[in-house]
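Right, one structure below, let's go through it.
The values are calculated or read from the model by the stated rules, or taken from the named source; none is laboratory data. Given the structure is predicted, the values throughout are model-derived calculations rather than measurements. When we count neighbours, we look across all protein chains shown, and the Cβ atoms used for this are built from the backbone with ideal geometry, even at glycine.
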Amino acid sequence: MIKKLSIIYIGIIFNAYATDFSQMSLEELNSMRTQISVEDKEAFRQEVQKRVKLMSKSQRTKFVKERQHNVANQSMTHRSSYHMQECNQKLQDVVLKKKKKILKILK
């Protein structure tokens, strides 16, 4: 009994501090989709699902296409960022090797 009450109490506390997504536009929700904290993910998901259910079929189709396009762009950006990090690491490795060779020659 105490365990159940504790769980309910914790749930109430988390919900009290959760972000209120109901006041945001759908565009705002989509733009912050990848920045949602772990604590807010469920509330975010529920809000988006609630709005999608209220859409007409054509609105829903448009929404899904836009979201897929955004995911593809974010994926490309992530890959580009990863590639830059990889290149920087290789460059640092080359510079380090050159420094070691120069120090070895100078000794």
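Quick look at the values:
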read-out	value
Residue list for the stretch 22-38, restricted to those being surrounded by 12 or more Cβ atoms within 10 Å (Cβ to Cβ) and at pLDDT 85 or above	M24
Pairs, first hydrophobic (A, V, I, L, M, F, W, C) in the stretch 85-96, second surrounded by 10 or more Cβ atoms within 10 Å (Cβ to Cβ) and in a helix (DSSP H, G or I), C-beta under 6 Å, six or more apart	none
Hey, Q89 part of a helix (DSSP H, G or I), at pLDDT below 85 and in contact with a Ser or Thr (Cβ under 7 Å, 6 or more places away or on another chain) or not	no
